[in-house]
Amino acid sequence: MSTQTPTQTEESSETDAEADAPSKGDERRDEKRRRAAEERARRQAEEAEKAAADEETVELKVFRYDPEVEGKQEPRFDTFHVPFTKGMTVLDALMYSRDTYDSSLTFRHSCRQAVCGSDAMFVNGGQKLACKTQISELEEPIRVEPLPHAEVRKDLVVDMEHFYDQMEAVEPYFQTNEYPDGELEEQRQTRENREKIKMSTRCIWCSACMSSCNIAAGDNEYLGPAAINKAYRFAMDEREGEDIKQKRLEIIEQEHGVWRCQTQFSCTEVCPKDIPLTEHIQELKREAVKNNLKFW
Ligand code: SF4
Ligand code: FES
C-alpha cells in the first residue's frame, strides 16, 4: 500500500518539470555551438570554392588528323586543359582529354606500365612512352605528336607494319640444331651468358628507337636498331650454336644491316628500357668483321 500523500506527489512533479526545462545557460551554449557549426560550414565552403578556382591544370597541345572524316583531313593541334594530379602521366592526361572533351581522340595504349610498348609518342620533341612520362617533368604547353618517320593513321596512331617487317627479317625467335643430351629437356644457359644478353631481351617493340634514327629515316631498308638488337639477343645466346650464329651474322651484315649505323646514339638515348643499342650494334659489327677474316 502506498504511504505517499497527494501533497507530496504534486511537489515532486513540479521539481521534475523544473529539472527538464532548459536553463538560460544551456540555451546560450546551444546557440554558441550552432553558430560555430555554421561558421565552420561557411569556411569549408569558401575553401572548396577557392580550391576549385585555383585548381592546377596542364595544357596539352595534341596532334589531330583523320583522313576519313570530312573537315579533319588537314593536320592540326587541339588544346586540352587537364586538371593536374600528383603522379599524372602523359597517357593519363590523354585519357582524361578523350574521356572528358573529345571521344574521337585516338591513341594506342594497353598495359599502362611500360610493358606492352604500344604508346610510344613524340612528346615535347622526344620519343617517349606516354605511360612512363610524368607530366610534372615536362614544360608546358605539352606537345604530343605521333612518332616521326612513320605514316600517321589517325591522331597519334602510326602504321607499325614497316617496323614489324624489319623485326621479322632477323628471325626474332630461338633456333638451335644442338639439343642437350640425356633426359634434360631445358636448354641451360650459363649465368655469364645470361648476363651478357640480359639488356637486349628487354625490348618491348615500341619503335621509339627506329623513329629517332636518322639513318632509318633516310633508308627504308635499313634493319634499324630494334631489329639489330633482336639479332644480337639471339646471335649472342650460346644455346643457339655456331651454325645459327653464322646465319644471323649473314643477315645483319647485309647492305642495309649493321654497317648503316653511324653511331649517333639517338636510339640509345630514347629507348625506354635503357638498352645499350649502339653498343650492341658495334659489337655485332666486330663479330661480322671477325667472321669474315681469312687466314692464308
Ligand atoms: S630497342 Fe628500346 S626503343 Fe627500340 S623498340 Fe625496343 S624497347 Fe623500344
Ligand atoms: S601502355 Fe603499355 S607501354 Fe605504355
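The values are calculated or read from the model by the stated rules, or taken from the named source; none is laboratory data. In this text, all values refer to a predicted model and were calculated from it rather than measured experimentally. Cβ: placed from backbone, ideal geometry, glycine included. Neighbour counts: every protein chain shown.
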What's the number of the condition LEU91 fails, among (1) more than 16 Å from ligand 2 (Cβ to nearest atom); (2) under 30 Å from PHE265 (Cβ atoms); (3) in a helix (DSSP H, G or I)?
(1)
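Report yes if some residue within the stretch 277-290 is under 20 Å from ASP165 (Cα atoms) and within 16 Å of ligand 1 (Cβ to nearest atom); otherwise report no. First the steps, then the outcome.
Quick first cut of the stretch 277-290, residues under 20 Å from ASP165 (Cα atoms) only: 277, 281.
When the remaining residues are screened for being within 16 Å of ligand 1 (Cβ to nearest atom), the result is 277, 281.
So far as the stretch 277-290 goes, yes, one or more of its residues are under 20 Å from ASP165 (Cα atoms) and within 16 Å of ligand 1 (Cβ to nearest atom).
Restricting attention to the stretch 170-179, does a residue exist that is within 30 Å of MET95 (Cα to Cα) and touching a residue at least 12 places away in the same chain (Cβ under 8 Å)?
The initial filter retains those residues of the stretch 170-179 that are within 30 Å of MET95 (Cα to Cα), namely none.
The answer is no; no qualifying residue exists.
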Could you list all residues from the stretch 94-137 that are surrounded by 14 or more Cβ atoms within 10 Å (Cβ to Cβ), more than 22 Å from PRO67 (Cβ to Cβ) and away from ligand 2 (no atom under 16 Å from the Cβ)?
ASN124
May I ask you to list the residues in the stretch 101-124 that are more than 9 Å from the chain's Cα centre (by Cα) and not in a loop (DSSP other than H, G, I, E, B)?
MET121, PHE122, VAL123
From the residues in the stretch 206-232 that are part of a helix (DSSP H, G or I) and without any contact (Cβ under 8 Å) to a residue 60 or more places away in the chain, which one is farthest from ligand 2 (Cβ to nearest atom)?
GLY218
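Which one is surrounded by the fewest Cβ atoms within 10 Å (Cβ to Cβ) among residues in the stretch 228-248 that are under 11 Å from VAL170 (Cβ atoms) and away from ligand 1 (no atom under 16 Å from the Cβ)? Show your work before the answer.
First pass over the stretch 228-248, keeping only residues under 11 Å from VAL170 (Cβ atoms): 228-235, 247-248.
Filter once more, keeping what is away from ligand 1 (no atom under 16 Å from the Cβ): 247-248.
Working: LYS247: 13, ARG248: 24.
The qualifying residue surrounded by the fewest Cβ atoms within 10 Å (Cβ to Cβ) is LYS247.
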Candidates GLU168, GLU178, filtered to the one that is on the phi < 0 side of the Ramachandran plot, out of contact with any Leu (no Cβ under 7 Å at 6 or more places or on another chain), at pLDDT below 95 and exposed (fewer than 14 other Cβ atoms within 10 Å of the Cβ):
GLU178
Tell me, please, whether a residue that is in contact (Cβ under 8 Å) with a residue 60 or more places away in the chain and either crowded, with 23+ Cβ neighbours inside 10 Å or more than 21 Å from GLY117 (Cα to Cα) (or both) can be found in the stretch 280-296.
yes
Please specify each residue of the stretch 103-130 satisfying the condition of being under 13 Å from LEU60 (Cα atoms) and away from ligand 1 (no atom under 15 Å from the Cβ).
LEU105, ASN124
